[in-house]
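Here's the structure we're looking at; comments come further down.
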Amino acid sequence: MTVATCVLDSLLIANRGEIACRILRTAKKLGIRVVSVYSDIDTHALHVKLADEAYRLEGVTSLDTYLNQTKILEIARDAKCQAIHPGYGFLSENVEFARACEQNGVLFVGPSSEAIRTMGIKSTSKEIMLKAGVPVIPGYHGNEQDQQFLRDQAEQIGYPLMIKAVRGGGGKGMRIVSSSSAFQSQLESAQRESASSFNDSQVLLERFIPNPRHVEVQIIGDHHGNTVYLYERDCSVQRRHQKIIEEAPAPGISAELRTQLGNTGVRVARAVNYHNAGTVEFIMDRTTEEFYFMEMNTRLQVEHPISEMITGVDLVQWQLMVASGQKLPLTQEELQLKGHAFETRIYAENPYENFMPGAGTLTHLQPPQPSDSVRIETGVQEGDEVSVHYDPMISKLVVWDENRTLALNKMKQALSQYQVGH
């Protein structure tokens, strides 16, 4: 499918915090009029202050505000916005919202609603990948959910294995089962959590790879048949199945394996006619270096800045270009990998309460000095309130240097200078 090329002159950012500010920065650089939306808690937030126009989403909860599709589309129409950028989280991978944008003549800065739907159902996406010749972890990805049937499938796969919610994410609806005796209770637990979190109790089963590497490939495609990869990121440092430190490129990856990963990421995107930015996640066996498709995130990732740092590409700018019907400005051969980058997520959490999300006033906030090789991506200022209603991540520290050792030392130094208090 091709889209008509247009000049993008207005953009509504359907998000908050650091990602809203990140998108806003590029849009303003391109001369695009920026419209922000805000909840009652975010009345004085940075993304509101920086926007050309800002509109209130009455309420405080995510459901009433940043997930309020009807109100956001209404504001986009009233503010005469050509496009909506969803950022990450909230409505970024919402099939209904992407479709509503399409139906209302508003450009959705992301893939088509059909691509989001296809890749959002893990069992469906893995069946497509198998047909496309993409390696997939051995397991059961079908629709049959009878408990005895699933137990039989588990015996065939072998233990340890993973139970995953078909529509899961963020570690929800996920269980590691080490033996047959534990299968029933873990299955029921995963199904309950999946039903409550995603309104769908369906699960899939996969062989568990102990001590794996989590490697993901950044891709972007346009409407003219061009898809490229911006190399890979390693996101193996996690807690509670959520990333906290990411780096690019992945360390210890040979040039040959890097090319294989990138080309496979592009093959995944083309299998579902994917346009705009996306991330293909692979799980890799540390011993054999075999890698398997896990899922595709059909949005801009939290950790996209490290891919920007090693390629010199502004991914948000490329997203806006693709959404307006333009071709990608560089071919795969023209994209060059340079240096090494790290990203550390900065959270408002209480280390004395098992790192539970904290809330309150940021009475002291002193980040390290930004530079060409040190980026502070944030949506808060000293004196702002951190709310329990939203994600506790307040900023991202991104550093680059000529090699991994230098970049790691730079990150350590920058972290030692970062002061947050409330």
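Readers should treat all values here as calculations from the given coordinates under stated rules, not as data from a laboratory. The shown structure was predicted, so the numbers you read here are calculated from the model rather than taken from an experiment. Heads up, the Cβs are rebuilt from the backbone with ideal geometry, glycines too, and the neighbour counts pull from every protein chain shown.
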Residue 181 and residue 336 label points (each 7 Å along its Cα→Cβ direction) are spaced in nm at 6.1 nm
In nanometres, the difference between 0.36 nm per residue of separation and the alpha-carbon distance of residue 385 and residue 207 is 59.7 nm
Taking the reciprocal of mean 1/r across every pair of different Cα atoms in region 10-109, the Kirkwood radius in Å is 13.0 Å
Karplus ³J(HN,Hα) for region 212-223 (6.51 cos²θ - 1.76 cosθ + 1.60, θ = phi - 60°; Hz, whole; x = Gly/Pro) runs x, 9, 9, 10, 10, 10, 7, 10, 8, x, 9, 8
The FRET efficiency for residue 6 and residue 189, from their Cβ-Cβ distance with R0 = 51 Å and rounded to 0.05, is 0.55
The chain, Gaussian network, Cα under 10 Å: of 233, 299, 167, the residue fluctuating most is 167
Rounded to whole angstrom, the alpha-carbon centroid of region 220-244 lies from that of region 318-382 at a distance of 14 Å
Cα pairs beyond 16 Å in region 203-293, in percent, come to 55 percent
Of the convex hull drawn through the C-alpha atoms of region 138-207, the volume per residue in Å³ is 71 Å³
Exposed GluC sites (Glu not before Pro) being those in a DSSP loop with at most 16 other Cβ atoms within 10 Å, the longest stretch of the chain free of them is 145-288
Counting only backbone N atoms under 18 Å from a point 7 Å out along Cα-to-Cβ of residue 402, the residues of region 301-315 in range are 310-312
Checking 330, 300, 91 against a Gaussian network model of the chain (alpha-carbon springs below 10 Å), the top fluctuating residue turns out to be 330
Low-density loop trypsin sites (Lys or Arg not before Pro), region 76-136, at most 13 other Cβ within 10 Å, DSSP non-H/G/I/E/B, are 80
With label points set 7 Å from each Cα along the Cα-to-Cβ direction at residue 131 and residue 239, the distance between them in nm comes to 4.3 nm
Residue 422 and residue 124 label points (each 7 Å along its Cα→Cβ direction) are spaced in nm at 3.8 nm
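Can you tell me, using C-alpha contacts under 8 Å and at least 6 residues apart, the relative contact order of the chain as a whole percent?
On the way: 897 pairs, mean separation 64.3, N = 422.
Relative contact order for the chain comes out at 15 percent.
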In the list [x] 4, 18, 21, 19, 15, 10, 8, 4, 1, 0; [y] 4, 21, 31, 28, 13, 2, 0; [z] 4, 19, 26, 24, 18, 8, 1, 0, the entry giving P(r) over Cα pairs in 10 Å bins from 0, in percent computed from the coordinates is [y]
Rounded to the nearest 500, the 222 nm mean residue ellipticity computed for the chain from DSSP H runs (n ≥ 4, each -39500 (n - 2.57)) alone is -9000 deg cm²/dmol
Mean-square fluctuation maximum in Gaussian network of the chain, Cα pairs under 10 Å, restricted to 137, 220, 84, hits 137
